[in-house]
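Peer 1: To start, I am sharing the structure in question, which I have written as structure tokens.
The values are calculated or read from the model by the stated rules, or taken from the named source; none is laboratory data. What you see is a predicted model; the values in this text were computed from it and never measured. Positions of Cβ are generated from backbone atoms using ideal geometry, with glycine treated the same way; all protein chains shown enter the neighbour counts. Note: accessible area is taken over every heavy atom of the protein model, side chains too, but ligands, DNA and RNA are not part of it. Shrake-Rupley method; radii C 1.70, N 1.55, O 1.52, S 1.80 Å.
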Amino acid sequence: DAGVIQSPRHEVTEMGQEVTLRCKPISGHDYLFWYRQTMMRGLELLIYFNNNVPIDDSGMPEDRFSAKMPNASFSTLKIQPSEPRDSAVYFCASSRGQVNTEAFFGQGTRLTVV
Amino acid sequence: AQSVTQLGSHVSVSEGALVLLRCNYSSSVPPYLFWYVQYPNQGLQLLLKYTSAATLVKGINGFEAEFKKSETSFHLTKPSAHMSDAAEYFCAVSPRFQGAQKLVFGQGTRLTINP
């Protein structure tokens, strides 16, 4: 398996623009997670899905952030409008089963909002 | 509620020296504990995990960690550091049987290896 695949690896955008980050989880995994990593706050869980259904989005910082999972092999995290404080590395991770706690991470998308 | 505290945001050791990265946890229920490693510009990779079997856990790349309930600790060690060990290391905790959605990560420790 190729692992969790994220695109793009790097994104530079202007403040106010819409940004869409993409993730393909490992085939067969039924949990998908979106994390944000910053120097100040470390690694934060934004939202997670189980069987394509959003379960907990309490970590999503504001209404400007939204996430979807239209099928088992694809998820998006959208920021609209983007702001400089959204600059961070965004990770997608997936895992299999309710009791298996090993999460497999993608390589991340480094977002810079100028 | 659970939390982990990693003592030392930066640790620097010489090549060939002992590596010791400290992690203390707080959990109201028996936990699972994990160490993840993040190489530059990469995602997190699982190094090892404790899931209530042996208290001394061996992981990849020569790392190991010991679960000490009395000290609420799960420190990561490696007898002899290699230059390729330079990375950021994250300790994480979750309740047993509750899946990756309950993972709580520490703030990370950046390990530097001096030649």
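Peer 1: Mind listing just one residue for me: the one in the stretch A:84-99 that is within 14 Å of another protein chain (Cβ to nearest Cβ), open to solvent by 60 Å² or more (accessible area, probe 1.4 Å) and not β-branched (Val, Ile, Thr) and, of those, farthest from residue B:32 (Cα to Cα)?
Peer 2: The qualifying residue farthest from residue B:32 (Cα to Cα) is A:96.
Peer 1: When the stretch B:91-113 is examined, which residues are found to be within 17 Å of residue B:8 (Cα to Cα) and more than 8 Å from every other protein chain (Cβ to nearest Cβ)?
Peer 2: Once the filter is applied, which keeps residues that are within 17 Å of residue B:8 (Cα to Cα) and more than 8 Å from every other protein chain (Cβ to nearest Cβ), the stretch B:91-113 yields B:91, B:92, B:109, B:110, B:111, B:112, B:113.
Residues checked against (1) of a type in the set (A, V, I, L, M); (2) in contact with a Pro (Cβ under 7 Å, 6 or more places away or on another chain):
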residue	(1), (2)
A:4	yes, yes
A:21	yes, no
A:50	no, no
A:91	no, no
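Peer 1: Separate question: If residue A:42 meets every condition in (1) facing chain B (nearest Cβ under 10 Å); (2) free of Cβ contacts under 8 Å to residues at least 12 places away in the same chain; (3) of a type outside the set (Val, Ile, Thr); (4) at negative phi apart from one, which number is that one?
Peer 2: The failed condition is (4).
Peer 1: While we're looking at this one, here's another question. Can you pull out every residue in the stretch A:13-39 that is in contact with a helix residue (DSSP H, G or I) (Cβ under 8 Å, 6 or more places away or on another chain) and within 11 Å of another protein chain (Cβ to nearest Cβ)?
Peer 2: Answer for the stretch A:13-39, where residues must be in contact with a helix residue (DSSP H, G or I) (Cβ under 8 Å, 6 or more places away or on another chain) and within 11 Å of another protein chain (Cβ to nearest Cβ): A:31, A:33.
Peer 1: Being away from chain A (no Cβ under 14 Å), surrounded by fewer than 18 Cβ atoms within 10 Å (Cβ to Cβ), farther than 24 Å from residue A:30 by Cα and under 16 Å from the mean Cα position of the chain (by Cα) is the requirement here; does residue B:76 meet it?
Peer 2: No.
Peer 1: Do we find that residue B:17 is part of a strand (DSSP E or B) and away from every other protein chain (no Cβ under 14 Å) in this structure?
Peer 2: no
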